[in-house]
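These notes are about the structure you will find just below.
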Amino acid sequence: MTRTDSAALQLPLTGLDQVFAAFLQAAQPGGDASHILLAALTSHQFGRGHACLDLHMLANQGVAVMAWDERLNALIPADLTAAALSLPWTQGEASPLVLDGSRLYLRRSWRAEQSIRAAIRARLQQTCAAPANLVELLDQLFPKALQAEALASAPDWQKVACALAARSRLTLITGGPGTGKTTTVVRLLALLQSAARQAGRALRVALAAPTGKAAARLGESIASAVEQLPPALRPDALAPAQTLHKLLQIRPDQAEHASPPLAVDLVIVDEASMIDLETMARLLAAVPLSASLVLLGDKDQLASVEAGAVMAQLCEGAEAGHYTPDTVAWLQSVAAADVRPWAAHSGSALAQQTAMLRLSRRFKQDSGIGIWAKAVNAGDGPTVKSLWRDCPAWEPRSSAVVDRLQPASASDAQLAALVQQGWQAWLQALRVLDAQAGTDALALQVLKAFGNFQVLCAVREGPWGVAMLNQRIARALGFRDEGWYGGRPVMVTRNDYNLSLMNGDVGLSLPHARGLRVAFPDGQGGVRWVLPSRLDAVETVFAMTVHKSQGSEFEHVALVLPDKPVAVLTRELLYTGITRAKSRLSMVVPQPDVLWRAVDAKVLRSGGLAGT
């Protein structure tokens, strides 16, 4: 083994990365040590969620792009370009690696990116005439009285989004929490269904989200928003929202098979920031070019668990707009929206179909939660430090919108008091239910009371992780820390189509006339009761990870950080956790230095979809 081979093995690569590189060398000998290293690094970046190994970033930022010790920079080849160009495993149409400019891909990732780019281009080229009475419909759906909350000088971005979606087969709608993405969708549905009815046809609509929890919340939010519309404008009854895996018929044993074409006219997908590269490629391939696709999501939230940051890259320029003069003039004529401050002499075709919602109704931009979210999202360390210093310490009678707790350990008495206060109303509702036995109405009240407060963690393991905190919180609230008991909250961790339960669904173990049962909301205002013995993939969920909380909102959030820096703790994770809070946020930070480092750490997933 050469010195370089030996040095390469000192890099913190996984066993899979090393086996992959060794397999390539064995299948097609001829690669030198630098080639073996590049292959292993490509596999490593894919495992970390990147679509590719960005050679330009690696050359300029070294192993910092992989969050490794910078002393390992000496092990990286000096001339990356030459090493990549001479790779023996990038030759031919079936090669395992693909070199595309300065990006080195696994072929499956490159193929998915190419598929997404081609599908977007084809979809944007489709002829899609806006309804003849678009101006009238928009005015009915967005009356001036509705715009009173918005800034008088700003465009109504919800109206802009609906106008853009009415003229194309693809629309991206991004925006932070509470900016009205679902409200926009309901008005868009009303607009398109009204146009379809005038043409004498029914509009076939599919609603989906990446997780069962997000799909259920999408359905609930749409049902609630529909009630706010005048009866004459309300869209027709819709099929329940479903997971993307169910919509696309993705099964673990058929992962490589293409999804069948969907018999739809309109597909709306929420929480699109959670969609990974390969699932997005399947979605775009399954939606016919004759149908419209609307993707909703917050470009600044955490990206998908699997490889890719599709929504973030596609919406990269959304804040600036980049609307062409033609788009500016068209929006002025049909929506009375002045978007000139967001104009550019030239912009991509996709930019003309991207709308960013900017006015949050979950919390005001100048509220404590809004100020924290803005500072964290901008990576503004000095402001975050100032906010932390000025933040009042948590105490039981506090009425602060944002407060802080700096516990010495996970057994801290104040931390126990915080969760006791957070779930005080829920514990009282549980006592009422215990005395009267389980009914659907009481179960719904208890479920709602539980969902008003949530502990969110950055990590799963360790003293500040989900596993340990769930045990401590259970004891602090007077419950057992294992087994089934009345009041145990559980989260489903694997889709179970037989029980109609999806990954992320949350239920409560409650007393029932027929014994202990687990109550889950059925998404239609009722309750589904399930025997605990039938649930083989659930975990206690007094505390959940920030990743699992995406698509949810809670009145009060306690955001718990670990006492040591970890790779997953980034500003995107902080922003996502902070913005789950609707009315109150408690920052539980054992070591403030960990908070400062997290604000400075930004996820930069490599990929080639930006500027598509």
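Residue-level analysis places residue 359 outside the set of residues that are open to solvent by less than 20 Å² (accessible area, probe 1.4 Å), among the aliphatic types (A, V, I, L, M) and either over 26 Å from the mean Cα position of the chain (by Cα) or under 30 Å from residue 165 (Cβ atoms) (or both).
Kindly indicate whether any position in region 200-209 is closer than 30 Å to residue 133 by Cα and assigned to a helix (DSSP H, G or I).
From region 200-209, those closer than 30 Å to residue 133 by Cα are 200-208; that's our starting set.
Now narrow it down to the ones that are assigned to a helix (DSSP H, G or I): none.
Among the residues of region 200-209, not one is closer than 30 Å to residue 133 by Cα and assigned to a helix (DSSP H, G or I), which makes the answer no.
Cβ-Cβ contacts under 7 Å between residues 6 or more apart (or on different chains), taken from a first residue in region 349-372 that is more than 12 Å from residue 181 (Cβ to Cβ) to a second residue that is modelled with pLDDT of 90 or more and in a loop (DSSP other than H, G, I, E, B), are listed as 351/322; 352/324; 353/168; 354/315; 367/401; 368/401; 369/401.
Residue 47 meets the conditions (1) open to solvent by 50 Å² or more (accessible area, probe 1.4 Å); (2) over 35 Å from the mean Cα position of the chain (by Cα) in every case but one. The failed one is (2).
The single condition from (1) open to solvent by 80 Å² or more (accessible area, probe 1.4 Å); (2) without any contact (Cβ under 8 Å) to a residue 24 or more places away in the chain that residue 224 fails is (1).
The number of residues in region 392-433 that are within 25 Å of residue 485 (Cα to Cα) and hydroxyl-bearing (Ser, Thr, Tyr) comes to 1. Filtered by the rule that a residue be in contact (Cβ under 8 Å) with a residue 60 or more places away in the chain, open to solvent by 10 Å² or more (accessible area, probe 1.4 Å) and more than 25 Å from residue 213 (Cα to Cα), region 565-589 gives 566, 567.
Here residue 279 meets the list (1) surrounded by fewer than 18 Cβ atoms within 10 Å (Cβ to Cβ); (2) farther than 19 Å from residue 188 by Cβ almost entirely, failing just condition (1).
More than 21 Å from residue 547 (Cα to Cα), open to solvent by 40 Å² or more (accessible area, probe 1.4 Å) and of a type in the set (A, V, I, L, M): does that describe residue 344? Give the derivation first.
Details: more than 21 Å from residue 547 (Cα to Cα): yes; open to solvent by 40 Å² or more (accessible area, probe 1.4 Å): no; of a type in the set (A, V, I, L, M): yes.
Judged against the criteria, residue 344 is not a match.
For the residues 113, 70, the requirement of being open to solvent by 50 Å² or more (accessible area, probe 1.4 Å) and out of contact with any Asp or Glu (no Cβ under 8 Å at 6 or more places or on another chain) singles out 70.
Among the residues of region 510-556, those that are open to solvent by less than 20 Å² (accessible area, probe 1.4 Å) and of a type in the set (Phe, Trp, Tyr) comprise 520, 542, 554.
Quick check on region 282-307: of everything there that is of a type in the set (Asp, Glu) and touching a strand residue (DSSP E or B) at 6+ places or on another chain (Cβ under 9 Å), which residue is least open to solvent (accessible area, probe 1.4 Å)? Per the criteria, the residue is 298. Looking across region 282-310, the residues that are closer than 16 Å to residue 243 by Cα and either outside any loop (DSSP other than H, G, I, E, B) or at pLDDT 90 or above (or both) come down to 282, 283, 284, 286, 287, 293, 294, 295, 296, 297. The requirement of being in a loop (DSSP other than H, G, I, E, B), hydroxyl-bearing (Ser, Thr, Tyr) and modelled with pLDDT under 80 is fulfilled nowhere in region 257-268; no residue meets it.
Yes/no per residue for (1) crowded, with 16+ Cβ neighbours inside 10 Å; (2) at pLDDT 90 or above; (3) in contact with a Pro (Cβ under 8 Å, 6 or more places away or on another chain); (4) not hydrophobic (A, V, I, L, M, F, W, C):
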| position | (1), (2), (3), (4) |
| --- | --- |
| 92 | no, no, no, yes |
| 125 | no, yes, no, yes |
| 135 | no, yes, no, no |
| 142 | yes, no, no, no |
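Residues that are touching an Asp or Glu at 6+ places or on another chain (Cβ under 8 Å), surrounded by 20 or more Cβ atoms within 10 Å (Cβ to Cβ) and either more than 30 Å from residue 406 (Cβ to Cβ) or aliphatic (A, V, I, L, M) (or both) are absent from region 428-438. For region 1-33, residues that are among the acidic types (Asp, Glu) and modelled with pLDDT under 85 total 2. Could you grab me the full set of residues in region 365-422 that are in contact with a strand residue (DSSP E or B) (Cβ under 8 Å, 6 or more places away or on another chain), part of a helix (DSSP H, G or I) and small (Gly, Ala, Ser)? Once the filter is applied, which keeps residues that are in contact with a strand residue (DSSP E or B) (Cβ under 8 Å, 6 or more places away or on another chain), part of a helix (DSSP H, G or I) and small (Gly, Ala, Ser), region 365-422 yields 368, 422.
Answer yes or no as to whether residue 518 is out of contact with any helix residue (DSSP H, G or I) (no Cβ under 7 Å at 6 or more places or on another chain) and of a type in the set (A, V, I, L, M).
So residue 518 does not fit the description; no.
The residues listed here are 332, 313; of these, the one that is at pLDDT 90 or above, out of contact with any strand residue (DSSP E or B) (no Cβ under 8 Å at 6 or more places or on another chain), closer than 18 Å to residue 117 by Cα and not small (Gly, Ala, Ser) is 313.
The values are calculated or read from the model by the stated rules, or taken from the named source; none is laboratory data. Being a predicted model, the structure only gives us computed values, none of them experimental. Cβ sites come from the backbone with ideal geometry, for glycine too, and all protein chains shown count toward neighbours. Side chains are part of the model used for accessible areas, which takes the heavy atoms of the whole protein and leaves out ligands, DNA and RNA. Shrake-Rupley method; radii C 1.70, N 1.55, O 1.52, S 1.80 Å.
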